[in-house]
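Every number here is computed from the coordinates shown, using simple stated rules; none is lab data. Computed from a prediction, not measured in an experiment: that's the story for all the values here. Neighbour counts are summed over all protein chains in view; Cβ atoms, including those assigned to glycine, are modelled from backbone coordinates with ideal geometry.
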Amino acid sequence: MRLIILGGPGSGKGTQLAVIQKPLGIVGISVGDILREAITNDTFLGTKAKPYVEKGELVPDDFMVQLIRLGLLQPHLDSGWILEGYPRTTVQAEELDFVLDDFHHRVDYALYLDVSEAVMLERSLGRSRPDDTPEILHRRLKHFREQIPPILEYYGSRGKLLPLDGTAAPEVITQQILHHLGGE
């Protein structure tokens, strides 16, 4: 099974990623964590991504596509994965499908955690991450508002979108996901 988790900053993507991967028997991949770790460790990837992340801007599509392409080649991902924090644009969604086509795979579902901007802002500010300042968050929320409708349309038109109320209790959301995917 290959899943993606969509949602804005503070929508609960990381929480659900951590909880649902084990019962589904697949590997969780947090693109945000990968980028933050690369920045902290001052790797080539981190150096390239840092200026964008620090400003709350999206890392360019071509760079992210290559990162994901390399990441999905890992042998421990053959049985499936949950990708959190990617795709963020329709170009990335299309490119992800092209990459998966090369392996005769597909995204099975796009889980969308629908949360109001006020809740996303409140949750994000409570995390105390260096990239969760009010200025950066407002910029990230602006990008999210602009980018999410076409991504939802992209997966919705393919019958792969599973919208969820991201304001429900985390355990309720988990149960809804597992029930829908047959992992209860």
Item to check | Size of electric dipole in the chain: Cβ of Lys, Arg +1 and of Asp, Glu -1, about Cα centre, debye, nearest 20 | outcome: 220
Checklist entry - Within segment 84-178, which trypsin sites (Lys or Arg not before Pro) sit in a loop by DSSP and count at most 14 neighbouring Cβ atoms inside 10 Å? => result Arg106, Arg127, Arg158
Next on the checklist: Rounded, prolate or oblate, given the Cα gyration tensor of segment 43-184, with a/c below 1.5 counting as rounded?
Outcome noted: oblate
Next on the checklist: Could you work out how much longer the chain between His105 and Ser79 gets when fully extended? Use 0.36 nm per residue separation minus the Cα distance between them, nm to one decimal.
Outcome noted: 8.3 nm
Checklist outcome for this item: In terms of the charge dipole of the chain, which places +1 on Lys and Arg and -1 on Asp and Glu at the beta carbon, the residue among Gln176, Ile26, Gly126 farthest towards the positive end is Gly126
Checklist entry - To the nearest 0.05, how large is the calculated FRET efficiency for Val172 and Asp33 if R₀ is 30 Å and r is the Cβ-Cβ distance? => result 0.75
Item to check | Efficiency of FRET between Leu70 and Ser128 - r from beta-carbon atoms, R0 30 angstrom, step 0.05 | outcome: 0.50
Next on the checklist: For segment 93-157 and segment 29-62, what is the centre-to-centre distance using only Cα atoms, to the nearest Å?
Outcome noted: 16
Checklist entry - His179 versus Glu54, label points 7 Å from Cα toward the beta carbon: distance in nm? => result 4.7
Item to check | Summed residue charge, Cβ within 15 Å of Thr90's Cβ, Lys/Arg positive, Asp/Glu negative | outcome: -3
Item to check | Relative contact order (%) - segment 63-184, alpha-carbon pairs under 8 angstrom, separation at least six | outcome: 30
Next on the checklist: Can you compute the FRET efficiency between Thr47 and Lys142 using 1/(1 + (r/R0)^6), with r the Cβ-Cβ distance and R0 = 25 Å? Round to the nearest 0.05.
Outcome noted: 0.50
Next on the checklist: Restricting to DSSP H runs of at least four residues, report the calculated mean residue ellipticity at 222 nm for the chain, -39500 (n - 2.57) per run over all residues, nearest 500 deg cm²/dmol.
Outcome noted: -17500 deg cm²/dmol
